[in-house]
Amino acid sequence: MGTEISKRMAALKPSAIREILKVTADPSFISFSAGNPSSELFPVEELASITAEIYEKEATTALQYSVTEGYGPLRELTRERYGKYGIGNDDDDTIIVSGAQQGIDLATKCLVNEGDAVLCENPSFIGALNAFRSYNARLIGVPVDGEGMDTGAVEEALKRDKNIKLIYTIPTFHNPTGTTMSIERRKRLLELAEKYDVMILEDSPYFELAFSGEICPPIKSFDTTGRVIYVGSYSKIVTPGIRVGFVTAPKWLVSKMTVAKQVSDVHTNMMFMMVVAKLLETCDMDKHIENCRLTYSRKCAHMLENMDRLFHKSVTYTRPEGGLFIWADMPEGYGGLGLCDIARRHKVAIVPGTAFDVNESAENRGFRLNFSVPTLEQIEKGIKLVADSIEEYLFG
């Protein structure tokens, strides 16, 4: 057969995380590999009640086509809810998308030509990296430290490469490292975007999940010149299966993203847009999110306590202040991929750092741990298995 896969897709690899999840379908596995919120926190009763009410009173609206920009009441409620964090102004508009992943894809489709460069944290979110790769963009990685993206390295890259179209960042409770960009660096990144005439794609699905309850100002909140595309999601605070996210960005860009969405899925699932809208209207979301914070804070602390007690001292790791992830590094000479292979034999799943690397073939010492999904008991047992795997890897 002479038909071939298109060049833009031929080299694209499946998500390593999705492949690992297939293995962890085995109930004997303990999984630290997911990026999911905890199912115990899903507001199931509220969602069931709201859905029943919609079918009873507004079935025609819920089951019919909608406008591409999204269900009007949800757009307004989203602008209202996130406007209190400084997200959006009179020059911006908001579009509802089928998960934050689609927002990333649409922004890339509208702004990045084949061969253009995207500057991003290294490591970074695999879904975004693959979105950029699917448009044949060149990826330029920038190191991440305890204060987030290294803005000095960002400026060096912007000086060297005049064809950078987009700076992609997850500034708050970064996936996969769990780190948070300092306010100084957020402001500096925006200054650099303005100076070198590039856009910032701010991906922020976790920012409300701060353990302390203090919300770090989004980069978008400092944006007065239309440089920041803000991608948000209801996945981490409601449920991920509903696939409802949003983008707040300059009106000229949202109008073109609307056209791009029309050739993708026409509009986001109408029923779930209505469900989320009514959830925001009728439920105490702040109380619900506070419960999420307390749960994740407790799980993260438990995982760190066990890591402190059991991990070999040559292994270093982050201590996140929110979100869903901890990042760890093996000592020099040892790779995260090798550790993951050993851990799999011990029936515990972790994600190797290579899955998040800008350079897919690079050696990477890191691995990512998720604490939101496993129970406290699974965390304790699973970290012991990871620690045993580390000992086996280091000493045979």
Region 243-320: trypsin sites (Lys or Arg not before Pro) in DSSP loop, at most 10 other beta carbons within 10 Å
Lys313
With all protein chains present, how much of the accessible area of the chain (probe radius 1.4 Å) comes from carbon and sulfur, to the nearest whole percent?
51 percent
HN-Hα J in Hz across region 200-206 - Karplus 6.51, -1.76, 1.60, θ = phi - 60°, x for Gly and Pro
10, 9, 8, 9, 9, x, 10
For the chain, give the share of DSSP beta bridges that are antiparallel, in percent and rounded to the nearest 5; count only bridges with both residues there.
50 percent
Here D for region 235-335, in µm²/s, from Stokes-Einstein with a Kirkwood Rh over Cα pairs at 10 °C and 1.306 mPa s, works out to 90 µm²/s
Given the options Ala153, Asn163, Ile140, identify the residue whose Cα lies farthest towards the positive end of the charge dipole of region 136-182 (+1 on Cβ of Lys, Arg; -1 on Cβ of Asp, Glu).
Asn163
Between Asp91 and Arg160, how many nm apart are label points set 7 Å from Cα along the C-beta direction?
3.1 nm
If you add up the charges near Ile237, with Lys and Arg at +1 and Asp and Glu at -1, over every other residue whose beta carbon is less than 12 angstrom from its beta carbon, what do you get?
+1
Per residue of region 88-97, in order, report the coupling 6.51 cos²θ - 1.76 cosθ + 1.60 (Karplus, θ = phi - 60°) as ³J(HN,Hα) in whole Hz, putting x for Gly and Pro.
x, 9, 5, 8, 9, 9, 10, 10, 8, 10
Taking 0.36 nm per residue of sequence separation and subtracting the Cα-Cα distance, how much length would be gained by fully extending the chain between Asp145 and Asp308, in nm to one decimal?
56.7 nm
Whole-Å semi-axes of region 28-145's equivalent ellipsoid, largest first, each the root of 5 times a Cα gyration tensor eigenvalue?
32, 23, 16
Just in region 239-299: which chymotrypsin sites (Phe, Trp or Tyr not before Pro) are loop by DSSP and have at most 12 other Cβ atoms within 10 Å?
none
Residue (of Gly323, Ala355, Ile379) at the positive-pole extreme of region 294-379, dipole from beta-carbon charges
Ile379
Once you list every other residue whose beta carbon is under 12 Å from the beta carbon of Lys278, what net charge do they have if Lys and Arg are +1 and Asp and Glu are -1?
-3
Assign unit charges at the C-beta atoms only (+1 for Lys and Arg, -1 for Asp and Glu), then state the dipole size of region 145-241 relative to its Cα centre in Debye, rounded to the nearest 20.
240 debye
Share of Cα-Cα pairs in region 120-222 beyond 20 Å, whole percent, is 34 percent
Quick calc, the chain, dipole around Cα centre from Cβ unit charges on Lys, Arg (+) and Asp, Glu (-), nearest 20 debye, gives 600 debye
Per residue, how much accessible surface does region 248-324 expose to a 1.4 Å probe? Answer in Å², no decimals.
46 Å²
Using alpha carbon centroids, what distance separates region 328-396 and region 60-117, in Å?
36 Å
Dipole magnitude of region 317-396 about its Cα centre (Cβ charges: Lys, Arg +1; Asp, Glu -1), debye to nearest 20
260 debye
Kirkwood hydrodynamic radius of region 253-396, Cα pairs, Å:
17.9 Å
CD proxy, 222 nm, the chain: helix-only mean residue ellipticity via -39,500 (n - 2.57) per DSSP H run with n ≥ 4, per residue, nearest 500, stands at -13500 deg cm²/dmol
Neighbourhood net charge (13 Å Cβ-Cβ; Lys/Arg +1, Asp/Glu -1) for Thr224
-3
Between Ala59 and Asp26, what's the calculated FRET efficiency when r is the beta-carbon distance and R0 is 41 Å? Round to 0.05.
0.55
Karplus 3J(HN,Hα) series, Hz, for region 331-338 with 6.51 cos²θ - 1.76 cosθ + 1.60 (x for Gly, Pro):
x, 3, x, 10, x, x, 5, x
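The values are calculated or read from the model by the stated rules, or taken from the named source; none is laboratory data. This one's a predicted model, so the numbers in the text were calculated from it and none came from an experiment. As a convention, Cβ positions derive from the backbone with ideal geometry for all residues, glycine included, and neighbour counts pool all protein chains shown. Accessible surface areas use protein heavy atoms only, side chains included; no ligands, DNA or RNA. Shrake-Rupley method; radii C 1.70, N 1.55, O 1.52, S 1.80 Å.
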